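Colleague: Structure in structure tokens, see below.
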Amino acid sequence: MPGVCPLPPEPVAILAAGVVTPIGGDLDQFWTGLLTGADGISAIERFSVSDLKVGRGGEIKKVPAPDERGLRCRASRLLCAAAADLRARAPLAADPARIGVVVGTALGGVEELEEAITETPTLSAAAAGLYDSPAHALARSLRARGPVLTVSTACASGATALGLAADLLRAGRADLVVAGGYDVLCRFVMRGFDALRSLTRERIRPFDRRRSGLLLGEAAALVLMARDADAPRWRLGRLLGHASTSDATHIAAPDPEGRGLEHAIRLALAQADRDVGAVDFVSAHGTGTALNDRVETAVFKRVLGPRATAVPVNSIKAGMGHTMGAAATLEAIMCLLAARHGVIPHTLGFEEPDLDCDLDYVPHTPRVARPRVSLSTSLGFGGCNAALVLEGSVP
Amino acid sequence: MSGVRLAGVGVITGWGRGVEALPPDAPVAAGGRAVVAATTPQLGGDRFRRATRECLLAVAAVQATLDDAVLTRAAVSGPGTALLCVTAAAYGSSNRAFIEAADAGSAGALHFPYTAPSAIPAEVTIEYGLRGPYVTLIGGAAVTIEALGWAARLIADGACERALVLAVETFAECADLFARDRRLLGRPLTEAAACALVVAGDRRLEVRAVDGGSELAARARRRAGETLACGPLVALALARAAGDDPWTVTGRWRGRTAALVDA
């Protein structure tokens, strides 16, 4: 039967994390921002939005200066900034030939492609426009000479990348993998979502009765992963299981029944060798769109069964916007930090319950709780679904 | 750990359908053309009215694979089939089309979702009802080798019963950008869509980094031209047609060469 592993694969250790986000330029500021309900949404200043219906988003106003000289691609700079934060917390203690890089993105270096098309085309701009260029820039900055892979499962990319990284480690292709996701807020994507009419003029309200759409944000998030048996005892936690599946229903909208997402969750739990009773907490995709939040809620109720109303579910997108390729990695990191600190960040923007969204969405304030095993879900254009089962290290 | 075997391969290139259409020497046959464009498959049905050229090529390549494997659509639909899609550059044409349409004020609501690389495999999943493991990887031939290796692992782990490894590359719409890269001079960029159906078998394979490319990979490049991510799948088709061992294939991308080796 597909999805039932003959032997559950070994968990993979997640040693450390590094981020750059609209609510904080490093991991500590990100976590503090989640707990204090920091608002990273602002008027977009970096490019013109005067012709768009919505001109706000989670824009990072100051990207830390990269070590790499001549690194002008914003996506690469975000990745390198997250990597600098990561490296400040953990050494890359392995032969460079055994260090891999796996990152997920929805947009890659598209901003450079836009420049190459609309301005005087240069080879460097055209090459940077390839979606895997930022991953290779990151690998160069880390001096990593192992496998370098870019995953593009739209807004589920940051989860799929962690899963692929785990598989590379299990297959013995690398001893350490720097994995995660990124995306930049640029005119290309703002115009796209503007045309789709998915952006809200109000605040983002995941699972709330008044939810009216999403706002976009930009971020980069990376984790350092190693085989569990080879990893040092200090760690953020472990990736127990993962799965990515397709809806096979629509190019842009999720399956209204959420069958693909449900399948991904069940596959990930099977790989993790955990039943649903082990899940202490769910980090939802929670975009704040009418359909996504309803579909996710229905799927969680089917999967969790009678426990569904007792398991806290949150979304952290209201403070940062939907950071696309970075979102799922940020949410995975949040799950591990929740276990470490014994606090679950609340769902900013959730105030009024909806009849279709009737779970415990951690309203108003952070919740004192220590979720050992977390489930994190993501969805993306093209019917992409991803699920991660994570285990936090309890101090 | 179980192994795999190659159950079918489908190839569509700027030279035509199948490896039979490939010339003996692509640079000579190209006659100075920088891009050898593929004919857009004429797929019927209202569902495809918005699909991009690369999506249509992808669907046609998968159908050619099923034809080669003598399988029906029903045999691959459902959660038992994984789809691993690889492209280095095929999203460039839809990205450019969206940018130019948006500049002209003519971008429609569903124009933007087709700019995502994931739109290419999405049309395949919808067409064939594929609901198994699913990923899109960005990169050239070395990444396709990684995808073949991952397909083998998914099958060995029991995550799926079979895997379609699909690659698509289009170049015509961004030919002016590719023309700026002098490294591509003298070897035509050949548009292609290629797919391999990998099923359980007795060959246990894994991926390794190697220093040099295989003769099979060189033969595929000589016959087809530069097809980036499609190269290893064209090579599989050539080997299958000649009765050679297909798994000697290698792939190179951004200075890294990957090979499938016996585990």
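Colleague: Would you check if there is a residue in segment A:213-222 being part of a helix (DSSP H, G or I) and either surrounded by fewer than 24 Cβ atoms within 10 Å (Cβ to Cβ) or more than 21 Å from the chain's Cα centre (by Cα) (or both)?
Modeller: Looking for residues that are part of a helix (DSSP H, G or I) and either surrounded by fewer than 24 Cβ atoms within 10 Å (Cβ to Cβ) or more than 21 Å from the chain's Cα centre (by Cα) (or both), one finds none in segment A:213-222, hence no.
Colleague: Okay, next question. Considering A:Asp293, A:Asp273, A:Asp360, A:Asp356, which residue is of a type outside the set (S, T, N, Q) and more than 14 Å from A:Pro206 (Cβ to Cβ)?
Modeller: Answer to the selection: A:Asp273.
Colleague: I've got another one for you. Quick check on this structure: which one of B:Ala142, B:Ala147, B:Ala151 is more than 13 Å from the chain's Cα centre (by Cα), in a helix (DSSP H, G or I), modelled with pLDDT of 95 or more and closer than 21 Å to B:Leu216 by Cα?
Modeller: B:Ala151
Colleague: Search segment A:102-121 for residues that are within 19 Å of A:Arg140 (Cβ to Cβ) and modelled with pLDDT of 85 or more and pair each with any residue that is outside any helix (DSSP H, G or I) and open to solvent by 20 Å² or more (accessible area, probe 1.4 Å) when their beta-carbon atoms are under 7 Å apart and the residues are at least 6 apart or on different chains.
Modeller: Close Cβ pairs (under 7 Å, with a partner that is outside any helix (DSSP H, G or I) and open to solvent by 20 Å² or more (accessible area, probe 1.4 Å)) amount to A:Gly108/A:Leu130; A:Gly109/A:Leu130.
Colleague: Here's a check for you: in segment B:89-139, which residue that is closer than 21 Å to A:Cys155 by Cα and charged (D, E, K, R) is modelled with the lowest pLDDT?
Modeller: Across segment B:89-139, the extreme among qualifying residues is B:Arg96.
Colleague: Please go through segment B:102-139 and pick out each residue that is assigned to a loop (DSSP other than H, G, I, E, B) and of a type in the set (Ser, Thr, Tyr).
Modeller: Within segment B:102-139, B:Ser106, B:Ser118 qualify.
Colleague: Pick out the one residue from A:Gly40, A:Gly18 that is modelled with pLDDT of 95 or more, open to solvent by less than 30 Å² (accessible area, probe 1.4 Å) and farther than 30 Å from A:Leu168 by Cα.
Modeller: Checking each option against the conditions leaves just A:Gly40.
Okay, residues lined up against (1) among the aliphatic types (A, V, I, L, M); (2) over 20 Å from the mean Cα position of the chain (by Cα):
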{"residue": "A:Ala253", "(1), (2)": "yes, no"}
{"residue": "A:Ala264", "(1), (2)": "yes, no"}
{"residue": "A:Asn292", "(1), (2)": "no, no"}
{"residue": "A:Val299", "(1), (2)": "yes, no"}
{"residue": "A:Gly305", "(1), (2)": "no, yes"}
{"residue": "A:Ser315", "(1), (2)": "no, no"}
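Colleague: Further question on the same structure: Just wondering, is there one or more residues in segment B:7-22 that are of a type in the set (Asp, Glu), in a helix (DSSP H, G or I) and over 21 Å from the mean Cα position of the chain (by Cα)?
Modeller: No, every residue in segment B:7-22 fails to be of a type in the set (Asp, Glu), in a helix (DSSP H, G or I) and over 21 Å from the mean Cα position of the chain (by Cα).
Colleague: Just to verify a result, which residue in segment A:156-185, among those that are in a loop (DSSP other than H, G, I, E, B) and buried (at least 24 other Cβ atoms within 10 Å of the Cβ), is nearest to the other protein chains (Cβ to nearest Cβ)?
Modeller: The selected residue is A:Ala174.
Colleague: Of all helices (runs of 4 or more DSSP H) completely enclosed by segment A:53-145, which ones contain at least 1 residues that are open to solvent by less than 50 Å² (accessible area, probe 1.4 Å) and over 27 Å from B:Ala97 (Cα atoms)?
Modeller: Here the list reads A:74-87, A:133-142.
Colleague: Let me ask you something else. Looking at (1) of a type in the set (S, T, N, Q); (2) surrounded by fewer than 23 Cβ atoms within 10 Å (Cβ to Cβ); (3) within 20 Å of A:Gly217 (Cα to Cα), which is the one condition that is false for A:Thr153?
Modeller: In the conditions (1) of a type in the set (S, T, N, Q); (2) surrounded by fewer than 23 Cβ atoms within 10 Å (Cβ to Cβ); (3) within 20 Å of A:Gly217 (Cα to Cα), A:Thr153 misses (2) alone.
Colleague: From A:Gly217, A:Gly213, which residue is closer than 16 Å to A:Lys317 by Cβ, touching a Pro at 6+ places or on another chain (Cβ under 7 Å), touching a residue at least 12 places away in the same chain (Cβ under 8 Å) and small (Gly, Ala, Ser)?
Modeller: Among A:Gly217, A:Gly213, only A:Gly217 is closer than 16 Å to A:Lys317 by Cβ, touching a Pro at 6+ places or on another chain (Cβ under 7 Å), touching a residue at least 12 places away in the same chain (Cβ under 8 Å) and small (Gly, Ala, Ser).
Colleague: Please name all residue pairs, on different chains or six or more residues apart, with Cβ atoms under 7 Å, provided the first residue is in segment A:132-156 and is closer than 22 Å to B:Leu260 by Cβ and modelled with pLDDT of 95 or more and the second residue is β-branched (Val, Ile, Thr) and assigned to a helix (DSSP H, G or I).
Modeller: A:Leu149/B:Val143; A:Val151/A:Thr160
Colleague: Being at the interface with chain A (Cβ under 7 Å from one of its Cβ atoms), of a type in the set (Lys, Arg) and touching a Leu at 6+ places or on another chain (Cβ under 9 Å): is that true of B:Arg96 here?
Modeller: Taking the combined requirement at face value, the residue satisfies it.
The values are calculated or read from the model by the stated rules, or taken from the named source; none is laboratory data. Nothing here was measured: the structure is a model prediction, and the numbers come from that model. In this analysis, Cβ positions are derived from the backbone assuming ideal geometry, glycine residues included, and neighbour counts consider all displayed protein chains. Calculation scope for accessible area: heavy atoms of the full protein, side chains included, ligands and nucleic acids excluded. Shrake-Rupley method; radii C 1.70, N 1.55, O 1.52, S 1.80 Å.
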